[in-house]
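Just below is one structure, and these are the notes that go with it.
The values are calculated or read from the model by the stated rules, or taken from the named source; none is laboratory data. Note that this is a predicted model, so its numbers are computed, not measured. When we count neighbours, we look across all protein chains shown, and the Cβ atoms used for this are built from the backbone with ideal geometry, even at glycine. Side chains are part of the model used for accessible areas, which takes the heavy atoms of the whole protein and leaves out ligands, DNA and RNA. Shrake-Rupley method; radii C 1.70, N 1.55, O 1.52, S 1.80 Å.
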Amino acid sequence: MTAPRSAVVVNPTKVADLDHLRRTVHEGLRRAGWPEPAWYETTPEDPGRGQARRAVAEGAELVFACGGDGTVTAVVTALAGSDVALAVLPAGTGNLLAANLGLGGDPATGLEVALEGGRRRIDVGVLEDRCFVVMAGMGFDAQMLEDTSEKAKKRIGWLAYVGGATKHLLDRPMRVRIRLDGGPPMPRRPKAVIVGNVGRLQGGVRLLNKAEPDDGRVDVAILSPGNLAHWAALAWAVVSRRERVPLMETYTAQRVEIYSNRAQARQLDGDLIAPGKVMKIQVRPKALLLCVPQPDADPDLAYDASRAARRAEPIREVAAEEKA
């Protein structure tokens, strides 16, 4: 492939060593014969959408998103519907899209994936004026995010979410009505409703085994455990990848409407948004051009990411030598 013009949209508060990140990116692009990228830093007022749009207006053909889930979601929203590719450089304490790409927390692997040229058009979910590519949720999953300590996430990574989850295992269920593709309302009393485009949670756990990122539909999971034993049975079935998960209904749809009798915690791709009584989600088929590990046609977005990680080792070595 010809060397495209690229840009890096980075959240500096999520990167432990910004100079090391710059060395890593510049070394990788130099080795591949790509021009140096433009750099744009996010701000508290603009987590990445404006920076990504400015990068495209200034000629970027590929945008690297480097930050937490909020940064990635903002860049996705800016690029959806365009021919500009998105590449993820993992940073922060949690990044759902990076987890689904098999990148771990390594920016060099994300860079190598982009350089190797795997590209795939995937669907994008839309809620109001924001897009997501992994999962949106109302209820328990958003409450878990809200009550997970930032210090714990920095110390032990994604396992910190277990602490946030335990605070809400016995919360009272929601009262919701769910409509799929304009069908009749389905009254439910779940702990959470999750709308997923791809299936992995943090730690590589697959919640939605049949989710496909480019089928023009989202998968809807309605979780209704009533006690600790129910939660244990549900968790074990998910971890062991059982075909049927107890106390979890699943559906697919192009349009999903969730109505609650009171405001609930909500999240998009692991980033909290304002609580609300309603979530109306629709799919934009194949709206995002995403850099993925080769082979880029495999249903699993993380297929063979380990090979890209190994091939990125020379980039890591040179960046480390320059730091020394």
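Using r as the Cβ-Cβ distance of residue 18 and residue 307, and R0 as 30 Å, what FRET efficiency do you calculate, to the nearest 0.05? Can you show the working numbers first?
Details: r = 28 Å, r/R0 = 0.93.
Using R0 = 30 Å, I get an efficiency of 0.60.
Semi-axes of the equivalent ellipsoid of the range 24-173: what are they in whole Å, largest first, if each equals the square root of 5 times a C-alpha gyration tensor eigenvalue?
Numbers: eigenvalues 175, 65, 37 Å².
Ellipsoid semi-axes (Å, largest first): 30, 18, 14.
So what is log10(I(q)/I(0)) for the range 1-70 at q = 0.16, 0.17, 0.27 1/Å, when the Debye sum runs over its Cα atoms only?
Rounded to two decimals, the profile gives -0.54, -0.60, -1.25.
I'm a student and want to see the number: the projected area of the Cα convex hull of the range 185-267, averaged over all directions, in nm². Show your work: numbers first, answer last.
Details: hull surface 24.3 nm².
Quarter of the Cα hull surface area: 6.1 nm².
Contour minus end-to-end for residue 259 and residue 235, with contour as 0.36 nm per residue of separation and end-to-end as the Cα-Cα distance?
On the way: separation 24, 0.36 × 24 = 8.64 nm, distance 2.58 nm.
Extending this stretch completely gives an extra 6.1 nm.
Mean Kyte-Doolittle of at least -0.5 plus a Cα span of 24 Å or more along the axis: flag which DSSP H helices in the chain meet both, please. Provide the component values of the computation, followed by the final result.
Details: long enough: none.
Membrane-span-like by this criterion, though nothing is claimed about a membrane: none.
Among DSSP beta bridges lying fully in the chain, give the percent that are antiparallel, nearest 5.
If we restrict to bridges inside the chain, about 75 percent are antiparallel.
Cα-based Rg of the range 113-232 per 2.2 N^0.38 Å, rounded to two decimals?
Numbers: Rg = 16.2 Å, N = 120, 2.2 N^0.38 = 13.6 Å.
So the range 113-232 has a normalised radius of gyration of 1.19.
Per 5 Å bin, what percent of the C-alpha pairs of the range 188-324 does each bin hold, from zero upward?
Result, from short to long distances: 2, 8, 14, 17, 17, 14, 10, 7, 5, 4, 2, 0 percent.
Please report the orientation-averaged projected area of the range 262-312, defined via the convex hull of its C-alpha atoms, in nm².
The directionally averaged projection comes out at 5.5 nm².
For the range 76-119, report the convex hull volume of the alpha-carbon atoms normalised per residue, in Å³, without decimals. Don't skip to the answer; put the middle values down first.
On the way: hull volume 3.5 nm³, N = 44.
Per-residue hull volume (Cα only) is 80 Å³.
Run a plain Debye calculation on the chain (Cα atoms as equal point scatterers, no solvent) and give log10 I(q)/I(0) at q = 0.07 Å⁻¹, rounded to two decimals, same order as the q list.
-0.27
Could you calculate the contour length gain from residue 57 to residue 162, that is, 0.36 nm times the residue separation minus the distance between their Cα atoms, to one decimal place in nm?
Numbers: separation 105, 0.36 × 105 = 37.80 nm, distance 4.16 nm.
Full extension of this stretch gives 33.6 nm more.
Can you give me the % of accessible surface on the chain that is carbon or sulfur? Probe 1.4 Å, all protein chains present, nothing else counted.
Numbers: 7230 of 14180 Å².
Heavy-atom surface of the chain belonging to carbon and sulfur, 1.4 Å probe: 51 percent.
Convert each backbone phi in the range 167-175 into a coupling constant with the Karplus relation 6.51 cos²θ - 1.76 cosθ + 1.60 (shift: θ = phi - 60°), then list the ³J(HN,Hα) values in order as whole Hz, x for Gly and Pro.
3J(HN,Hα) across the range 167-175, in whole Hz: 6, 10, 4, 10, 4, 5, x, 7, 10.
Pairs 153/210; 167/191; 14/153: which are spaced more than 19 Å apart, C-alpha to C-alpha? Walk me through the numbers on the way to the answer.
Working: 153/210 29 Å; 167/191 13 Å; 14/153 12 Å.
Table pairs above 19 Å Cα-Cα are 153/210.
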